[in-house]
1. Considering every pair of different Cα atoms, what Kirkwood radius, in Å, is found for region 5-225?
2. If one takes the longest principal axis of the Cα atoms in the chain, at what angle in degrees, from 0 to 90 and to the nearest 10, does the Cα axis of helix 216-225 lie?
3. List the Cys residues of the chain that have no partner Cys with a C-beta closer than 4.7 Å.
4. In nanometres, what is the gap between the two model label sites at Arg3 and Ser153, each 7 Å from Cα along Cα-to-Cβ?
5. Roughly what would the spin-label model give for Glu134 and Arg16, points 7 Å off Cα along C-beta, in nm?
6. How big is the antiparallel share of DSSP beta bridges in region 1-126, given as a percent to the nearest 5?
7. Using the alpha-carbon atoms, what tilt in degrees (0 to 90, nearest 10) does helix 180-193 show relative to the longest principal axis of the chain?
8. Per-residue ellipticity at 222 nm for the chain, helices alone: DSSP H runs ≥ 4 residues times -39500 (n - 2.57), over residue total, nearest 500 deg cm²/dmol?
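Throughout, read-outs are computed from the coordinates displayed, never taken from laboratory work. Please read all numbers here as calculations on a predicted model, not as lab measurements. Here the Cβ positions follow ideal geometry from the backbone for every residue, glycine too, while neighbour counts run over all protein chains shown.
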Amino acid sequence: MNRFSYKDIYIEDGKRVLEINILPEKYCNFDCIFCPIGRSENKVDTQKSFEGMDSALRELDKIIEISKAELVFINSKGEAFVNDRIDDVIELIKSKGLPVRLLSNGYLLGKDEYKNIANKCDEVIGEIKVVTEEDFRKVQRPIEGYTLAEYISNMASFNKQYKGKFIFVITIIKGYNDDEESVKKLKDIIKEISPDKVIIERMEDERFKKKLGISDERFEEIKRSLGMVGN
Ligand code: SF4
């Protein structure tokens with residue numbers, strides 16, 4: 001890897017957003033069956049060094065200037081914390097006076113070294129996709145020893161001390177969290193994590209939509225139950 005990859009700049013709430021991937025291929029501590037990036041051999045939760053990071057950082061500096069970005073969104077092929085230069089990426093963006101949004105699945109926010117990195121970001125996104133331990137293991141296939149209870153408490157404890165905006169993304173998946181009992185559990189999880197913003201999504205990826213997608217009606221009902229009218 002000697003460069004990061006970027007999406008075309010887009011406008012969100014009037015701001016020019018630059019989205020950047022800082023991983024050469026998928027590196028994640030989970031291996032979800034519906035991962036849009038595909039299956040992974042690289043299930044990791046410790047940092048790795050990748051080649052070419054100095055030139056990738058120089059290029060990022062230039063791209064920020066040329067694109068006139070107003071917010072940089074680190075949305076990587078997996079768990080961005082795994083890149084051992086993530087701190088330098090964040091520092092560079094901050095040195096240009098720009099806010100940083102970081103996407104993580106949220107599990108590693110419970111570890112001090114990653115929590116300290118996330119604390120430097122203006123916005124952090126954490127996620128949840130299933131509501132039972134069994135489904136967590138079966139569907140998200142995390143590193144051995146991970147539990148859903150710890151996943152939730154990691155995000156909750158992170159957000160208790162975090163000064164920025166914590167955005168919590170819930171994906172509704174048919175057969176896993178779309179029944180009334182699951183919706184109630186999701187409500188409790190939202191309460192425990194206490195995010196600044198909740199986003200409710202559903203499976204939109206064409207490869208999984210038929211099996212795991214829910215109807216418009218049910219989606220609207222769940223959003224209403226979770227207090228997300230108009231979300
Ligand atoms: S957490 Fe995200 S990146 Fe990681 S395996 Fe699951 S869907 Fe893919």
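1. On the way: mean 1/r = 0.0551 Å⁻¹.
Computed over region 5-225, the radius equals 18.2 Å.
2. Result, in degrees: 90.
3. Lacking a cysteine Cβ partner under 4.7 Å: Cys28, Cys121.
4. That separation, rounded to one decimal, is 4.5 nm.
5. 5.2
6. Percentage antiparallel, nearest 5: 30.
7. Once rounded, the angle reads 40 degrees.
8. Numbers: 7 runs with 77 residues, N = 231.
Rounded to the nearest 500, it is -10000 deg cm²/dmol.
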